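Quick notes on the structure that follows.
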Amino acid sequence: MVAAATTLRDTIDSNWNLTGLLSKVVTGAGPTLMDEIVRFFDRKQVVGNEVPKSVTVEKINDEGNETVIKHPTFNEVSDIYEITVYYRLVDVDAANFSTSLDNIENMAAEVTRILKTVYNPTTLPALGIYFMTSYTWSNEDMYQGNQPELRRRLRFQLTTITSDNTEAYTGLSGVLIFDTSASEGDSKPGADYTFVDVEGVKIREGYGLIPLLTKDTTKGVGVPFQTRGLFSGTFTARIIAVRSNILGSTIEKIQNIYKVQNNPDIKRQLAEIRSGRMNHIPDIQKPNL
């Protein structure tokens, strides 16, 4: 099995886009040759013999065996990485020092960009793996000794959700679709509309009961007969609201969906809204970096 630190190191390496002094490949020739490239490691470097410009990835343990928070029917599992960016100072002159600070900060920003692109929770349900990521940078510059270095260390944490009981817990997000063909109202959208990131869905619908008291005491004195009332229902959910869900003139917009209609078939009535389907994300399995 490939170590998780190796996989993450390869991810950073393959997505590294910095050029010039921070390139990962040799550039130029002759007087403009730049062969002191940025290198990538999946382990700690030997103290005192670090590569002048480098990124290292360390991990305490394999996936799923570091931090686990257990809930009654599901678990929060966190994988923790430490990523260190090194940049050796070759000159402590004020101008050169300032350039070195720019370079180390650019390297740190590039690491963050790559991680946010690859491990972005907002890409759910396309990825369907990570519920949360967290980033904590620290400054570990070292000015003592013969090789002063600028160092930035990132504590990077990936959190996923695993289920002990798929019947009780199936995931956090879902897809809710406004079904155009089955809905009646003013200004329907041209095609089915998708609301993303839906959770906590509750639907209650059906016919009400109307109790009627009669002189018939077959069921007992004061026991009413039950007759069917009108059909009604309610729908509630937590939705990450985006601008396109709220603003607009068509019926699926949140500000319009409850309004009295002018459509001849249901004039002065509420719209008839049908949802196409809600697909919960399947039970999220152990992360596989």
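The values are calculated or read from the model by the stated rules, or taken from the named source; none is laboratory data. Here the structure is a predicted model, which means the values were calculated and not measured. Note: ideal-geometry Cβ built from the backbone for every residue, glycine included; neighbour counts use all protein chains shown.
Before moving on, here are some points about what is shown:
- Odd one out for S244, checked against (1) within 29 Å of the chain's Cα centre (by Cα); (2) of a type in the set (G, A, S); (3) not in a helix (DSSP H, G or I): (3)
- K253 closer than 30 Å to F131 by Cα and either in a loop (DSSP other than H, G, I, E, B) or at pLDDT below 85 (or both): yes
- Selection within the stretch 135-149 - in contact with a Lys or Arg (Cβ under 8 Å, 6 or more places away or on another chain) and either over 30 Å from P121 (Cβ atoms) or in a strand (DSSP E or B) (or both): Y135, T136, W137, S138, N139, D141, M142, Q147, P148, E149
- Unique match (being surrounded by 11 or more Cβ atoms within 10 Å (Cβ to Cβ) and at pLDDT 75 or above) among I273, I284: I273
- Filter result for the condition that a residue is modelled with pLDDT under 70 and among the acidic types (D, E), over D179, D186, D192, D197: D197
- All conditions but one from (1) loosely packed, with under 13 Cβ neighbours inside 10 Å; (2) in contact with a strand residue (DSSP E or B) (Cβ under 7 Å, 6 or more places away or on another chain) apply to V46; the one that does not is (2).
- Taking the stretch 130-154 as the range and being surrounded by fewer than 13 Cβ atoms within 10 Å (Cβ to Cβ) and among the polar types (S, T, N, Q) as the test, the residues that pass are S134, T136, S138, N139, Q144, N146.
- Selection from the stretch 85-99 of residues that are in contact with an Asp or Glu (Cβ under 8 Å, 6 or more places away or on another chain) and not in a strand (DSSP E or B): L89, F97
- Scanning the stretch 10-39 for residues that are farther than 17 Å from I83 by Cα and β-branched (V, I, T) returns T19, V25, V26, T27, T32, I37.
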